[in-house]
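The values are calculated or read from the model by the stated rules, or taken from the named source; none is laboratory data. No experiment lies behind these values; they were computed from the predicted model shown. No Cβ is skipped: glycine too gets one built from the backbone with ideal geometry, and neighbour counts run over all protein chains shown.
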Amino acid sequence: MAYDDLRAWIAALDRAGELRRIRTEADPILEIAEITDRVSKAHVGTGALARPAERSSAGPGPALLFQNLKGHPGSQLLINQFGSAERMKLALEVDSLDQVADRIRHFMDVKSPQGFLDKVKMLPMLAEMGKFFPKTVPTGPCKEVIKRDSFSLLDFPILQCWPKDAGRFITLPCVVTRDPKTGKRNVGMYRMQVYDERTTGMHWQRQKVGAEHYRERLRETQPDAGARVDLMAQTSGGSLAAERLTPAGKMEVAVAIGTDPAITFSAIVPAPPDVEEYLIAGFLRQKPVELVKCETVDLEVPATSEIVLEGHVHLDELRTEGPFGDHTGFYSLEDLYPVFHVSCITHRRNPVYATTIVGKPPMEDAWMGKAVERIFLPLMKLTIPELVDINLPIEGVFHNLMIVSIRKSYPGQARKVMNAIWSLGQAMFTKCIILVDEDVNVQDIAEVTLKVLNHIDPERDIQFTLGPVDSLDHASRLANYGSKMGIDATRKWPTEGFSRPWPDEILMDPKTKELVDSKWKALAKELGLE
Ligand SMILES: Cc1cc2nc3c(=O)[nH]c(=O)nc-3n(C[C@H](O)[C@H](O)[C@H](O)COP(=O)(O)O)c2cc1C
Ligand SMILES: [Mn+2]
């Protein structure tokens, strides 16, 4: 049954042996990050990107509940809640992430009903769908303490993660905004740099939905703004966001920190912009998300949130954000982003502050990303039906590398699939896509390496394209714009201009295999290979 809140989730982690309470004093400035980094990498050794052979069989370490925080007596901080494949499954209450994918497929499989009986058969499914929609309730635990006048963000044990970070960052916030045109809500996870007691950065990258809502507000207040090249900062090329946009307007924003795991996870999934994350969370937890209205802005937040920040982003203000030690393993450089002014904080009594750190992989976000990979496969297949499997290796930090197997049926299809991926939501950021035939197991990097490098004629098989790249890419010629590469490592066909014979893969015949199988016990003994 769905977790009602962060506390029920913490209790479940505890029951599963997936949580440790830390009573040793720890400092939110750097020290918690160092401890969590070691725990995240318990199976690979710290610091290095160890090769699989060097990995210990034990999984990554547990979720951590810090209960003795330097400078914050009485506060508690949860980190690494999603930091293993096991915990990701526990969070989504499944034995295998494929179960979530199967449930999505089940809903997509619906055929148009042919007659009355077919319609009746659909009723249970419709009833089930009713469970996904959020419902607004009069009040909830997040209103136990309401602070409108005297409050400070610095009261919370907000982390500084890495030595060269610009300061403390809220790293696991569910940022709620409303589309001024459609009224639909969006929940996105965008980190927030704490500038002072009541002000933070709002790091929604320009291709994200929060940023689009912001631009919609700008277009409303300044109708000719649509003509501008980029309504956010223009840092590339050296000219810093020069023009202030006028007239000064505001945009309402609410931020929930410390929600049940389905809501937190829904804030990171790359869903289509018009699908509300509250609905996705309802689908994942199979129970409606309960929402309460905010005190000072026209937005709704999960009723059981530990902490809620309410306020405004001013439309005429940008401020330097970063640097921040990011999940690429490098610092993302400073850039200009909008600013969030907090006007009210509500929270539960003795709130648990939920956070994460990112840095050199593998870290907590690696497991969240892997869950996204599994869950989105059936959705990708809707538009790319020849897709068989995908792998986003953790060290490819999700936007740098996607290995894709396809069932190839016509010439040039691998290139068609690359282009489809580059035009599919946030998959547009994929810097390198490797395409293989369906007989290659994309989850096996050794097999991929062997076959891809054998199969390519680099000059012929590499496709370059230009387009948007992830804001975190530090190598592209311009911020947010650069090149991407696709490698077509499928077998080449005569109809693709390949006239040489294609060799067979070496495989022993079954008869000989059976013969050796029958002798193997004795042979293995003799060979010392038992
Ligand atoms: C821990 C964590 C931190 C993230 N920080 C940011 C961020 O600062 N800015 C950003 O644009 N995306 C960030 N993301 C990725 C977004 O949450 C993700 O792209 C999400 O799909 C955005 O939601 P949206 O499509 O509703 O905009 C982060 C993801 C994770 C897991
Ligand atoms: Mn969204």
- Message: Of everything in the range 163-210, what is under 14 Å from the mean Cα position of the chain (by Cα) and assigned to a loop (DSSP other than H, G, I, E, B)? Give them in sequence order.
- Response: T171, L172, Y190, R191, W204, Q205, K208
- Conditions (1) polar (S, T, N, Q); (2) more than 10 Å from ligand 1 (Cβ to nearest atom); (3) closer than 15 Å to S266 by Cβ: number failed by T182: (3)
- With respect to the numbered conditions (1) free of Cβ contacts under 8 Å to residues at least 60 places away in the same chain; (2) part of a loop (DSSP other than H, G, I, E, B), which one is the sole condition not fulfilled by M122? (2)
- Query: For the range 446-481, which residues satisfy the criterion of being in contact with a strand residue (DSSP E or B) (Cβ under 8 Å, 6 or more places away or on another chain) and β-branched (V, I, T)?
  - Reply: V448, V452, I456, I462, T465, V469
- Message: What's the number of the only condition in (1) out of contact with any Asp or Glu (no Cβ under 6 Å at 6 or more places or on another chain); (2) under 19 Å from K484 (Cβ atoms) that P378 fails to meet?
- Response: (2)
- Residue hits (the range 410-438; in contact (Cβ under 8 Å) with a residue 60 or more places away in the chain and among the charged types (D, E, K, R)) are R415
- Note on the structure: Note on V253: of the conditions (1) buried (at least 24 other Cβ atoms within 10 Å of the Cβ); (2) aliphatic (A, V, I, L, M); (3) free of Cβ contacts under 8 Å to residues at least 12 places away in the same chain, unmet is (3)
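Residue-wise test of (1) farther than 30 Å from P173 by Cβ; (2) buried (at least 21 other Cβ atoms within 10 Å of the Cβ); (3) hydrophobic (A, V, I, L, M, F, W, C); (4) modelled with pLDDT under 95.
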{"position": "I394", "(1), (2), (3), (4)": "no, no, yes, no"}
{"position": "V397", "(1), (2), (3), (4)": "no, yes, yes, no"}
{"position": "G412", "(1), (2), (3), (4)": "yes, no, no, no"}
{"position": "N419", "(1), (2), (3), (4)": "yes, no, no, no"}
{"position": "I433", "(1), (2), (3), (4)": "yes, yes, yes, no"}
{"position": "V436", "(1), (2), (3), (4)": "yes, yes, yes, no"}
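Would you tally the residues in the range 366-409 being among the β-branched types (V, I, T), in a helix (DSSP H, G or I) and more than 23 Å from K41 (Cβ to Cβ)? Talk me through it step by step, then tell me what you get.
Of all residues in the range 366-409, those among the β-branched types (V, I, T) come to 372, 375, 383-384, 388, 390, 394, 397, 403-404, 406.
Keeping just the survivors that are in a helix (DSSP H, G or I) gives 372, 375, 383, 394.
Still in the running and more than 23 Å from K41 (Cβ to Cβ): 375, 383.
Final tally of qualifying residues: 2.
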- Task: Specify the residue that is modelled with the highest pLDDT; the eligible residues are those in the range 33-84 that are in contact with a His (Cβ under 9 Å, 6 or more places away or on another chain) and surrounded by fewer than 21 Cβ atoms within 10 Å (Cβ to Cβ).
- Result: G61
- Task: Go over the candidates R23, R15, R105 one by one and state the one that is of a type outside the set (A, V, I, L, M, F, W, C), more than 28 Å from K360 (Cα to Cα), surrounded by fewer than 17 Cβ atoms within 10 Å (Cβ to Cβ) and modelled with pLDDT of 95 or more.
- Result: R15
- Message: I'd like the full set of residues that are over 13 Å from the mean Cα position of the chain (by Cα) and within 14 Å of ligand 2 (Cβ to nearest atom), limited to the range 254-276.
- Response: P272, P273, D274, V275, E276
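So that you can scan it fast, the table gives a plain yes or no per residue for (1) buried (at least 18 other Cβ atoms within 10 Å of the Cβ); (2) at pLDDT below 95; (3) not basic (K, R):
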site	(1), (2), (3)
T355	yes, no, yes
V358	yes, no, yes
A366	yes, no, yes
T383	no, yes, yes
N391	yes, no, yes
K416	no, no, no
M428	no, no, yes
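Examine the range 128-146 for a residue that is more than 30 Å from R349 (Cα to Cα) and surrounded by 11 or more Cβ atoms within 10 Å (Cβ to Cβ), and state whether such a residue exists. Working first, answer last.
First, pick out the residues of the range 128-146 that are more than 30 Å from R349 (Cα to Cα): 128-130.
Retained after the next criterion (residues that are surrounded by 11 or more Cβ atoms within 10 Å (Cβ to Cβ)): 128-129.
Looking through the range 128-146, at least one residue is more than 30 Å from R349 (Cα to Cα) and surrounded by 11 or more Cβ atoms within 10 Å (Cβ to Cβ).
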- Using beta carbons and a limit of 6 Å, which pairs, at least six apart or on different chains, have the first residue in the range 93-114 and without any contact (Cβ under 8 Å) to a residue 40 or more places away in the chain and the second one of a type outside the set (D, E, K, R)? V94/V100; P113/M122
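Just one of D149, D165 is over 23 Å from N80 (Cβ atoms) and either acidic (D, E) or free of Cβ contacts under 8 Å to residues at least 12 places away in the same chain (or both); which is it? Explain how you work it out, then say what you get.
Numbers: D165 fails: over 23 Å from N80 (Cβ atoms).
Of D149, D165, the one residue that is over 23 Å from N80 (Cβ atoms) and either acidic (D, E) or free of Cβ contacts under 8 Å to residues at least 12 places away in the same chain (or both) is D149.
Name the residue, out of K381, K370, that is of a type in the set (D, E, K, R), closer than 18 Å to V442 by Cα and without any contact (Cβ under 8 Å) to a residue 24 or more places away in the chain.
K381
Has the range 356-367 got any residue that is farther than 30 Å from Q193 by Cα and polar (S, T, N, Q)?
Going through the range 356-367, the residues farther than 30 Å from Q193 by Cα turn out to be none.
No, the range 356-367 contains no residue that is farther than 30 Å from Q193 by Cα and polar (S, T, N, Q).
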